[in-house]
Structures are given as C-alpha cells and as structure tokens.
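J.: Let me begin by handing over the structure; questions about it come next.
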C-alpha cells in the first residue's frame, strides 16, 4: 500500500524531473517501464528512490531498450494496469513502431517525453523534434511551460487517457524545465488519488487481459476487408478526445485553482500581431509582447497546451482577427514546406473567410537559448513583412542562425 | 459472409469471441479447387488428416464434400491422395463452365 506522504498542500522548489517523479509517486502507477536516456534518466532515478524506499506499489520494469519499455507498458495496460513510461529523442524513435499500436488498441498509457533534439548531430538539449515525430501516432499530446505545469499535466493526463481511452504524452522540455528549479505547488497525495480515482484493472480498459473468465485476443490481423472499420472508431475517438481533455482541465482547475485551457491566449483580444508558440518560450514571448505594447504595438501570444488532438476550432477563433501571425516551432521537419506547427495553424485558419498573414520561424534548435530579444526580432520581422518594409523569399525562416 | 460495420466491432480491434476465424471466408483466396472422383475415393481420410484448413468434413468413416467456404485451394489433399482421386480444377474454368450453363 502506497504511503501517504504529503498530507497538506505545499509549495516547494523543484526541478521538472523532481516534480514529475513526485506526480508519479502520488499517482502510484501499477506499472512503469523505462530505459535511461538524458534528460529523462534523472527523472526515473528519482522515482526509483521512491520505489526503493517503499513509498509506492509500482512494478518498475528496468527493460533493455525503449522498444521493450513501450512493449512492456502496452502489455501492462492491455492487462488492465495503470502504466507509464518516460523517454526522450532517439529513445522515442526507438519506441515508435509501438506507438500507433497503443493508440489503436485504445490503451490509456501515459508517457513523459522530456523533449530533446534528435540526432544528428548528437545533442542532448531541448527542442521539440521528438514530440513532432509522434504527432501522427494517435497519442494525445500536452505541452508544458514549466515544472508546475509538467507536474499538473501528468496528473491530468492519467485521467484524460483513461476517459478518452487513448494514450497521452506529457511534453516537458529537456534541461530548460527538467533540470531547472522552479516553484511547484504540490497537491496532497489524497487529492491526487481522489482526482484520478483508484486504478481498477477491471475498469481501466474495456477488455483487460487479466480477466481470464472472458479471454480476448489483442493484436489480431485485420485485412483489407476490416482494417478501415478498425481505424474509423480511433479516428472518431481522436476528435472526441478534445472534449475529454477540456472536461478534465475544468475539473482540475476546480481542484487546484488553476486556469488551464487547451489553448492560452495572452492579450489577443485587441492584438494586431501575434506569436503562436508551445512550451517554455511562451514566457519570453509574453514579455516581448508586453514590451511592444509599451511602444504602442498591439502584440499578443497564443500558447498551445493541447497539441494533439489539434484544437483547430479554438485556434481559429483566437486568431481570426489578427493581422499577422508568426508561428514559432522548435523543430524543423525538413519537408521543403514549413514547420509542423505552421502547417497545423495554416490548416486551422484556411476555412476562415479572412485569414491573418502567416510567417514561420524555426527556433531554439538543440537547446539554443531563446531570449526576449529573439522574440522581439520575430515580432519585428513579422511586422516588417506585413507592412511591406521587408520582403521574404519563403514563409519559413530560421530565427537564430548565424551567417 | 456479411461484413460487420465499425459499430459492431469491439473497441481496439480486440477479438472477444474464441474461434471466430470460422467466420472468415478464406475460400475467396482460392485459385483452384479440389474435385473428388467418387469412383476412385475410398474414404481413407488421408486428405482429412492433411488438410491444413480443416475444410474436409468427415464423420470418421466417410469423407463429405469439401467445405469451400474455407478451402484455400492449397492442393495438399490432391498430392497426398493415394488413389489420385482428387483433381485441382482452376477456379477460372469453374467460372467459365458456370457462365456456359447460365448463357444457354
């Protein structure tokens, strides 16, 4: 039986990895399986300490690879367990072939993705390259700005995954959040456990493998005559997941006094120019918007919390009146078109009768520091293109590349 | 076989009833079908032993007609038959014969 450690709410200074390990302890997962990779290694290390000290009941499987980690949590979740894993960068890519299996089988697994740049060149620092590769895997994805949000998001993700019956990724930026100390308001163990509800292997999934009275087969073949019919319910579930996310965010807001939404507009109501961004960069973007407003330029920021399913209706509503929008993506998909976030934003706006001008900035690659000056540069370039003072060869540009 | 719609399928593509491969019509995969010559067949049931798809029904004494809903036309029965009583006939020829009959 898991020990009740935190009986009163308290604010503590914690890194993102510590905060996530704390959430994992409070959630008291049935099963966790992980393989070490920076910057996630430390997170599982903190959790392993809790396990060694007898604070949790979790079966922690120290697997031989990320491929095995994902396979183990898929098996555990299909059995009926509340299961999680954590990884980063190449580790996620090694898991990848199993990701669409987890989502089609509708297994409510949660994963902490400690965002790290993809090789090559080898780099352990933050960008969103890993998360972007999973954007079409059928997993729900939440992005977080700091350790507080990461802590809250993992707790919410458990409930989101189990109500939407889809696996969910919580993105936490490597080093920028995972290894940086910030204030974290912790809920009590009892509050977290009541919010997510007790893990019941009979109810976590509709057909648990542990139910030996009603044996089932997971992973049967579906040939051309059935494949479509087995994809379509997942297609619908992915759309429906947004409502599950919204409901869980609302419930969590009532519990924790937060104000989490699927997207978070900042001074957009009267804005002429806006930056769309995900993760920790939202902070510097808001500061830049404030500085521009002091000079009389109506700037705003749209932070996207829910990346998958993509809240295109909410985004169109938030941006429809803006003159020009700069989409900032911490990843380059190398597709000869634009960053993934730009493509999604463009799709979300396409059906509006009048659309903002769009520009795409790729930034923050491999942990490149992102400053307020960078955000001002993005705003200025956007405004100058919009007003015709500057021209552009392409709508996709690198924000921080040295000549 | 009537194909099920998406609403009739369990969540996650899970198989919840045992033995439902019986419902899958593998007979459509066949390009040749076994045709038994009753004059040569002795009901030795060697074909029943070898059939990998359980498509040769028998009561243990008599070989009944090949069950074409599942027979994939692999031809193992024709090869194994000690009396050369089974001939593999091309499905295309069967269809042509049927067409000739219906066009008369």
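J.: On the basis of being in contact (Cβ under 8 Å) with a residue 60 or more places away in the chain, over 26 Å from residue A:159 (Cβ atoms), out of contact with any helix residue (DSSP H, G or I) (no Cβ under 7 Å at 6 or more places or on another chain) and within 14 Å of chain B (Cβ to nearest Cβ), does residue A:219 make the cut? Write out each step before concluding.
T.: Details: in contact (Cβ under 8 Å) with a residue 60 or more places away in the chain: yes; over 26 Å from residue A:159 (Cβ atoms): yes; out of contact with any helix residue (DSSP H, G or I) (no Cβ under 7 Å at 6 or more places or on another chain): yes; within 14 Å of chain B (Cβ to nearest Cβ): yes.
Taking the combined requirement at face value, the residue satisfies it.
J.: Does residue A:76 satisfy the criteria of being under 24 Å from the mean Cα position of the chain (by Cα) and in the same structural domain as residue A:216 (by TED's automatic domain parsing)?
T.: Working: under 24 Å from the mean Cα position of the chain (by Cα): yes; in the same structural domain as residue A:216 (by TED's automatic domain parsing): yes.
So residue A:76 fits the description; yes.
J.: Name the residues in the range A:68-87 that are farther than 23 Å from residue A:178 by Cα and assigned to a helix (DSSP H, G or I), would you?
T.: Pass one, the range A:68-87, residues farther than 23 Å from residue A:178 by Cα: A:68, A:71-72, A:74-82.
Of everything in the range A:68-87, those that are farther than 23 Å from residue A:178 by Cα and assigned to a helix (DSSP H, G or I) turn out to be A:68, A:71, A:72, A:74, A:75, A:76, A:77, A:78, A:79.
J.: Does residue B:5 fit the bill of being closer than 30 Å to residue A:165 by Cα, within 11 Å of another protein chain (Cβ to nearest Cβ), at pLDDT below 90 and in contact with a helix residue (DSSP H, G or I) (Cβ under 8 Å, 6 or more places away or on another chain)? Before you say what the answer is, go through the steps one by one.
T.: Working: closer than 30 Å to residue A:165 by Cα: yes; within 11 Å of another protein chain (Cβ to nearest Cβ): yes; at pLDDT below 90: no; in contact with a helix residue (DSSP H, G or I) (Cβ under 8 Å, 6 or more places away or on another chain): yes.
It is false that residue B:5 is closer than 30 Å to residue A:165 by Cα, within 11 Å of another protein chain (Cβ to nearest Cβ), at pLDDT below 90 and in contact with a helix residue (DSSP H, G or I) (Cβ under 8 Å, 6 or more places away or on another chain).
J.: In this structure, does residue A:313 turn out to be surrounded by fewer than 15 Cβ atoms within 10 Å (Cβ to Cβ), within 23 Å of the chain's Cα centre (by Cα) and assigned to a loop (DSSP other than H, G, I, E, B)? If you could, list the steps in order and put the result at the bottom.
T.: Details: surrounded by fewer than 15 Cβ atoms within 10 Å (Cβ to Cβ): yes; within 23 Å of the chain's Cα centre (by Cα): yes; assigned to a loop (DSSP other than H, G, I, E, B): no.
So residue A:313 fails the test.
J.: Can we say residue A:270 is surrounded by fewer than 17 Cβ atoms within 10 Å (Cβ to Cβ), outside the structural domain of residue A:147 (by TED's automatic domain parsing) and not in a helix (DSSP H, G or I)?
T.: For residue A:270, the condition - surrounded by fewer than 17 Cβ atoms within 10 Å (Cβ to Cβ), outside the structural domain of residue A:147 (by TED's automatic domain parsing) and not in a helix (DSSP H, G or I) - is met.
J.: Out of the range A:342-367, which residues are surrounded by fewer than 16 Cβ atoms within 10 Å (Cβ to Cβ) and outside any helix (DSSP H, G or I)? Walk me through how you get there before you give the answer.
T.: Within the range A:342-367, the first condition is being surrounded by fewer than 16 Cβ atoms within 10 Å (Cβ to Cβ), and the residues that meet it are A:347, A:350-354, A:357.
Matches in the range A:342-367: A:351, A:352, A:353, A:354, A:357.
J.: Which numbered condition in (1) surrounded by 17 or more Cβ atoms within 10 Å (Cβ to Cβ); (2) part of a loop (DSSP other than H, G, I, E, B); (3) at the interface with another protein chain (Cβ under 9 Å from one of its Cβ atoms) is the only one that residue B:73 fails?
T.: (3)
J.: Oh, and also: Condition first: more than 9 Å from chain B (Cβ to nearest Cβ) and either outside any helix (DSSP H, G or I) or at positive phi (or both). Now tell me which residues in the range A:223-251 satisfy that.
T.: Residue satisfying the conditions is A:224 alone.
J.: Anything in the range B:1-27 that is over 19 Å from residue A:217 (Cα atoms) and surrounded by 12 or more Cβ atoms within 10 Å (Cβ to Cβ)? List them, or say none. Break it down into steps so the answer makes sense when it comes.
T.: First, the residues of the range B:1-27 that are over 19 Å from residue A:217 (Cα atoms): B:1-3, B:5, B:25-27.
Of everything in the range B:1-27, those that are over 19 Å from residue A:217 (Cα atoms) and surrounded by 12 or more Cβ atoms within 10 Å (Cβ to Cβ) turn out to be B:25, B:26, B:27.
J.: Oh, and also: Considering the range B:10-44 alone, what residues qualify as being within 8 Å of chain A (Cβ to nearest Cβ) and touching a helix residue (DSSP H, G or I) at 6+ places or on another chain (Cβ under 6 Å)? Show your work before the answer.
T.: To start, the set of residues in the range B:10-44 that are within 8 Å of chain A (Cβ to nearest Cβ) comprises B:10-16, B:18.
Hit for the range B:10-44 is B:13, nothing else.
J.: Quick one: would you say residue A:293 is farther than 29 Å from residue A:137 by Cα, surrounded by fewer than 14 Cβ atoms within 10 Å (Cβ to Cβ) and either at pLDDT 95 or above or within 14 Å of another protein chain (Cβ to nearest Cβ) (or both)?
T.: Details: farther than 29 Å from residue A:137 by Cα: yes; surrounded by fewer than 14 Cβ atoms within 10 Å (Cβ to Cβ): no; either at pLDDT 95 or above or within 14 Å of another protein chain (Cβ to nearest Cβ) (or both): yes.
It is false that residue A:293 is farther than 29 Å from residue A:137 by Cα, surrounded by fewer than 14 Cβ atoms within 10 Å (Cβ to Cβ) and either at pLDDT 95 or above or within 14 Å of another protein chain (Cβ to nearest Cβ) (or both).
J.: Now for a different question. Residues that are without any contact (Cβ under 8 Å) to a residue 60 or more places away in the chain, crowded, with 24+ Cβ neighbours inside 10 Å and assigned by TED's automatic domain parsing to the domain that holds residue A:231: which helices (runs of 4 or more DSSP H) entirely in the range A:123-205 hold 2 or more of them? If you could, list the steps in order and put the result at the bottom.
T.: Details: elements: A:129-133, A:147-164, A:189-196.
In the range A:123-205, the matching helices (runs of 4 or more DSSP H) lie at A:147-164.
J.: Which of the numbered conditions does residue A:254 fail, given that it passes all the others? Conditions: (1) within 14 Å of another protein chain (Cβ to nearest Cβ); (2) farther than 30 Å from residue B:8 by Cβ.
T.: (1)
J.: Has the range B:47-62 got any residue that is touching a strand residue (DSSP E or B) at 6+ places or on another chain (Cβ under 7 Å) and within 13 Å of chain A (Cβ to nearest Cβ)?
T.: Let us first name the residues in the range B:47-62 that are touching a strand residue (DSSP E or B) at 6+ places or on another chain (Cβ under 7 Å), namely B:47-48, B:56.
Retained after the next criterion (residues that are within 13 Å of chain A (Cβ to nearest Cβ)): none.
Looking through the range B:47-62, none of the residues is touching a strand residue (DSSP E or B) at 6+ places or on another chain (Cβ under 7 Å) and within 13 Å of chain A (Cβ to nearest Cβ).
Yes/no per residue for (1) farther than 22 Å from residue A:172 by Cβ; (2) crowded, with 21+ Cβ neighbours inside 10 Å; (3) free of Cβ contacts under 8 Å to residues at least 40 places away in the same chain:
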position: A:55; (1), (2), (3): no, no, no
position: A:78; (1), (2), (3): yes, yes, no
position: A:90; (1), (2), (3): no, no, no
position: A:100; (1), (2), (3): yes, no, yes
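J.: Can you find a residue that is over 21 Å from residue A:315 (Cβ atoms) and out of contact with any strand residue (DSSP E or B) (no Cβ under 8 Å at 6 or more places or on another chain) anywhere in the range A:261-269?
T.: Going residue by residue through the range A:261-269, those that are over 21 Å from residue A:315 (Cβ atoms) are none.
For the range A:261-269, residues over 21 Å from residue A:315 (Cβ atoms) and out of contact with any strand residue (DSSP E or B) (no Cβ under 8 Å at 6 or more places or on another chain): absent.
Residues checked against (1) assigned by TED's automatic domain parsing to the domain that holds residue A:159; (2) assigned to a strand (DSSP E or B); (3) touching a residue at least 40 places away in the same chain (Cβ under 8 Å):
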{"site": "A:5", "(1), (2), (3)": "no, no, yes"}
{"site": "A:19", "(1), (2), (3)": "yes, no, yes"}
{"site": "A:23", "(1), (2), (3)": "yes, no, yes"}
{"site": "A:26", "(1), (2), (3)": "yes, no, yes"}
{"site": "A:29", "(1), (2), (3)": "yes, no, yes"}
{"site": "A:33", "(1), (2), (3)": "yes, yes, yes"}
{"site": "A:38", "(1), (2), (3)": "yes, no, yes"}
{"site": "A:44", "(1), (2), (3)": "yes, no, yes"}
{"site": "A:51", "(1), (2), (3)": "yes, no, no"}
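The values are calculated or read from the model by the stated rules, or taken from the named source; none is laboratory data. Bear in mind the structure is a predicted one, so any value in this text is a computation, not a measurement. Glycine also receives a Cβ, built like all others from the backbone with ideal geometry; neighbour counts cover every protein chain displayed.
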